[in-house]
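**Q** Quick one: this structure, given as structure tokens, is what I'll be asking you about.
The values are calculated or read from the model by the stated rules, or taken from the named source; none is laboratory data. Bear in mind that the values here come from a model prediction, so they are computed numbers and not experimental data. Cβ: placed from backbone, ideal geometry, glycine included. Neighbour counts: every protein chain shown. Just the protein is used for accessible areas: all its heavy atoms, side chains included, with ligands, DNA and RNA removed. Shrake-Rupley method; radii C 1.70, N 1.55, O 1.52, S 1.80 Å.
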Amino acid sequence: MLTWMAILMVVLLLLGFPMMVPLLAATLFMMFTGMTFFGPDQGVSWMFSGVEQWVLAAVPMFIFAADIMTKGHTANRLLDLVSAFAGHLRGGLPITTAASCTLFGAVSGSTQATVVAMGGPMRPRLLQKGYKDSFTLALIINASDIALLIPPSIGMIVYGVIARGASIGDLFIAGILPGFLILFMFSIYCYVASRIMGIEPEPRSSWSQRLTALRKSILPLGFPVIVVGGIYTGTFSPVDASAMAVLYAFILEVIIYRKVSLRDIGSIALSTGMITAVVFILVAIGYAFSQALSTAGVPQQILTPIIQQFGDSPTAALALIAVAYFIGCMFVDPIVVILILTPLFQPLVTAAGLDPVHVGVIVTLQAAIGSATPPFGCDIFTAMAVFRRPYFDVIRGTPPFIAILLLATVILIMFPQISLWLPSMGAQ
């Protein structure tokens, strides 16, 4: 039965149906073929249960804040700040791009918003400096994926809703050091690549220029202070922080910078509503699908021999989880993969005694890698639409960045305190 269900899902995907259709079809397949026993009323109940978690209210608000900032001045001010301090280094322009994507990720929590906001102004600069377009596109889409690790992270919110024992506040804090580790590794690669390409650095900015850029970016840098600082100190819940982010974005872009008008807010809200609807439909159907799998005993069928094979080895369990999510996110939207695989691997996480927050960081990193990995990484198609480049031009330069991200995965598996140190400090 499992084989036929998998074939049904693959065929529907190949026919071009959106991911929600194969998920719903597989759920109905389990109901009508007797793989498990539940009625339509139970299926609908599971869907409502999937989206009734209060913390999911943070998702549309973080998306709304990101949309407002993408249309406003925030992205350019963050770019100018990083460029003033890092532009003179060898590889300074690509390092500026990676660091700016990280900073904007700390503002938006969205990889696709980061591709649009940072890729738009930085790609022409990189091309003019002499960097290959394949390197430029790969840098933009992979550096933008750091946004999934740096709070606020929509992927972490979804994982925190599904996983037992994982505080979303702790997940947010746990992603900070891994995010900056990846930025550091990308910066080394940018330095080496620039030397190989023979590209000279930019002139050094004067201290007056740096102070001007810092002064102009003070207000945009308030976003991570509000989100991370508020959650870390216990002042805000993640939902409170998302509401404050929207208010702060509105004040900054509409009242102070006046880049966004009140008339624009309506169209931005409509765009946010459309994106949120897609996310919530996926969450609802994905939750019902995972509950049907659990009722049918599929996790036990798949994981019992695996648990017996690996025993209680945390390293082996984390490696298996990372491989499964990485492969899944290469083909399917990361949110769907998190929704489906997280309940499946819960018995393995418990048997190996893994910290759910550390697991959440590993899972979110695989979602980040999958967002820019062929064949179906969502940021690849975002870049194709934004930069109007063919598929193979976008993916040609991605292998070195994917290798760096996989190396980061190994480091985080071997040294879990990189993820857990900051949350442990907050618990003291």
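**Q** Restricting attention to the stretch 224-235, and to residues there that are among the hydrophobic types (A, V, I, L, M, F, W, C) and modelled with pLDDT under 80, which single residue is farthest from Pro151 (Cα to Cα)?
**A** The selected residue is Ile231.
**Q** If you go through the stretch 138-149, how many residues are open to solvent by 10 Å² or more (accessible area, probe 1.4 Å) and among the β-branched types (Val, Ile, Thr)? Spell out how you get there, then give the answer.
**A** Here is the first cut: in the stretch 138-149, the residues open to solvent by 10 Å² or more (accessible area, probe 1.4 Å) are 148.
If we keep only those that are among the β-branched types (Val, Ile, Thr) as well, we get none.
Looking only at that region, the number is 0.
**Q** Moving on. Evaluate the stretch 57-75: report whether one residue or more is closer than 20 Å to Trp207 by Cα and not in a loop (DSSP other than H, G, I, E, B). Quick ask: steps written out before the conclusion?
**A** Going through the stretch 57-75, the residues closer than 20 Å to Trp207 by Cα turn out to be none.
No, that holds for no residue.
**Q** Take the residues in the stretch 76-99 that are open to solvent by 30 Å² or more (accessible area, probe 1.4 Å) and part of a helix (DSSP H, G or I); name whichever of them is nearest to Thr114 (Cα to Cα).
**A** Taking the stretch 76-99 and keeping what is open to solvent by 30 Å² or more (accessible area, probe 1.4 Å), we get 76-77, 80, 83, 85, 88-90.
Add one more test, that the residue is part of a helix (DSSP H, G or I), and what stays is 76-77, 80, 83, 85.
On the way: Asn76: 12, Arg77: 14, Asp80: 16, Ser83: 17, Phe85: 21 Å.
The extreme case among them is Asn76.
**Q** Suppose we filter the stretch 32-56 for residues that are in a helix (DSSP H, G or I) and surrounded by fewer than 19 Cβ atoms within 10 Å (Cβ to Cβ); how many remain?
**A** Going through the stretch 32-56 one residue at a time, the tally reaches 11.
**Q** Listed residues Val158, Val107, Val115; which is closer than 23 Å to Ile340 by Cβ and touching a helix residue (DSSP H, G or I) at 6+ places or on another chain (Cβ under 7 Å)?
**A** The conditions single out Val158.
**Q** Can you go through Phe135, Phe186 and tell me which one is open to solvent by less than 10 Å² (accessible area, probe 1.4 Å), of a type in the set (Phe, Trp, Tyr) and assigned to a helix (DSSP H, G or I)?
**A** Phe186
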